[in-house]
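This report concerns only the one structure given below.
The values are calculated or read from the model by the stated rules, or taken from the named source; none is laboratory data. Bear in mind the structure is a predicted one, so any value in this text is a computation, not a measurement. Cβ atoms come from the backbone with ideal geometry, glycine included; neighbour counts cover every protein chain shown.
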Amino acid sequence: MEYFTLNNGVKMPAIGFGVFQIPKEETVQAVLDAIEVGYRKFDTAQSYQNEEELGQALKESGLPREEFFLTTKVWLSNYGYEKTQASIEISMKKLQTDYLDLVLLHQPFGDYYGAYRALVDLQKTGKIRAVGVSNFYPDRLSDLVAFSDQVPQVNQIEINPFFIQEDAVQNMNAENVLAESWGPFREGRDQIFTHPPLVEIGQKYQKSVAQVILRWLFQRGIASNCKSVKKERMAENFAIFDFALTEDDIASIQEMDTDTSLFMDHRTVEAVKLFKDFVESRGI
Ligand code: NAP
């Protein structure tokens, strides 16, 4: 496994396993399979509602807690200083751990300043090793960097060959915040796995499109999390450290950008309303 070193010296595995949209009843087995394949970084969130199952699988694996790099994300309804701190205690209980490696603020709306201060204070107590944000675009990220006492360690945003987010990545590099990709495979949409230019690059190295994408992210200095419930795909996605893309390969992938998100532009009024409705309708 390769690692990225965060701006506070903490080492984070370059590739992780995400449990978004894995049904509760499948999560324990999926995580046990991923551990067997070699994954040590696991990415969940309060809103995924499978923190308990992830915690159970890590325990069942029998491996020491320090082997794992465990990330969760604070959901919007838990923003605000006190609520965020209380929610982290609940997450740790569900995950059966007394510390978290990385905690992210899931969305850039509401009282994220209060929530961020709560994370930074918990970090000072040693309960959180690294703090960060998710879906923060350059304006919000630079705002947080400028007006809080601590630069976040990570910003996890959607990045894939059809949404390369070059400006956001450059901004993160300038702010000394590690970029982490979610949805590296665009959740399998837009025929990404059969996109001819990606297939062609893979053929040069006897690698799959999935492997080409994860390698492209790694060589751009971007950490990633990918999801599969199939063990053979987990293994495929993990095997990206035995080949290297050329600068030309990388340049041609950069040209695949369509500048369109899978879901929404977080900078719009519609996005704010959507998340507000989401919180109200789901009651979490
Ligand atoms: P993704 O990893 O881009 O794509 C997952 C899809 O690709 C699944 O349908 C999976 O199907 C398929 N797949 C995986 N490996 C494959 C392979 N080698 N060949 C063919 N198909 C393959 O999507 P994601 O789950 O949305 O993103 C990954 C992680 O990022 C999440 O699990 C979560 O931890 C994180 N995330 C964060 C946010 C955020 O707001 N911060 C948002 C979304 C996701 P099978 O399972 O059937 O193999």
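Residues that are within 23 Å of Leu178 (Cβ to Cβ), hydroxyl-bearing (Ser, Thr, Tyr) and not in a loop (DSSP other than H, G, I, E, B) within segment 222-280 comprise just one, Ser224.
In a residue-by-residue description of segment 274-284, the property of being of a type in the set (A, V, I, L, M, F, W, C), modelled with pLDDT of 95 or more and within 16 Å of the ligand (Cβ to nearest atom) applies to no position.
All conditions but one from (1) assigned to a loop (DSSP other than H, G, I, E, B); (2) out of contact with any strand residue (DSSP E or B) (no Cβ under 6 Å at 6 or more places or on another chain); (3) within 13 Å of the ligand (Cβ to nearest atom) apply to Tyr39; the one that does not is (2). Among the residues examined, Phe193 does not qualify as assigned to a helix (DSSP H, G or I) and more than 9 Å from the ligand (Cβ to nearest atom).
Starting from residues that are touching a Phe, Trp or Tyr at 6+ places or on another chain (Cβ under 9 Å) and either among the small types (Gly, Ala, Ser) or assigned to a strand (DSSP E or B) (or both), keep the ones in segment 5-27 and report whichever is surrounded by the fewest Cβ atoms within 10 Å (Cβ to Cβ). The extreme case among them is Lys11.
Under 9 Å by Cβ, and 6 or more places apart or on different chains, what pairs join a residue from segment 6-21 that is under 23 Å from Gln123 (Cβ atoms) with one that is within 14 Å of the ligand (Cβ to nearest atom) and part of a loop (DSSP other than H, G, I, E, B)? So the pair list comes out as Asn7/Pro152; Pro13/Tyr39; Ala14/Ile222; Ala14/Ile240; Gly16/Tyr39; Gly18/Thr44; Gly18/Gly183; Gly18/Lys227. Of the strands (runs of 3 or more DSSP E) lying entirely inside segment 49-139, those containing at least 1 residues that are over 25 Å from Asp33 (Cβ atoms) and touching a residue at least 40 places away in the same chain (Cβ under 8 Å) span 69-74, 128-134. Would you check which residues across segment 196-236 are more than 6 Å from the ligand (Cβ to nearest atom), of a type in the set (D, E, K, R) and buried (at least 16 other Cβ atoms within 10 Å of the Cβ) and list them? Hits for segment 196-236 are Lys207, Arg215, Arg220.
In the set Ile192, Ile157, only one residue is modelled with pLDDT of 95 or more, among the β-branched types (Val, Ile, Thr) and within 18 Å of the chain's Cα centre (by Cα); that residue is Ile157. For segment 174-190, taking the residues that are away from the ligand (no atom under 14 Å from the Cβ) and surrounded by fewer than 14 Cβ atoms within 10 Å (Cβ to Cβ), the one that is nearest to Asn7 (Cα to Cα) is identified as Asn176.
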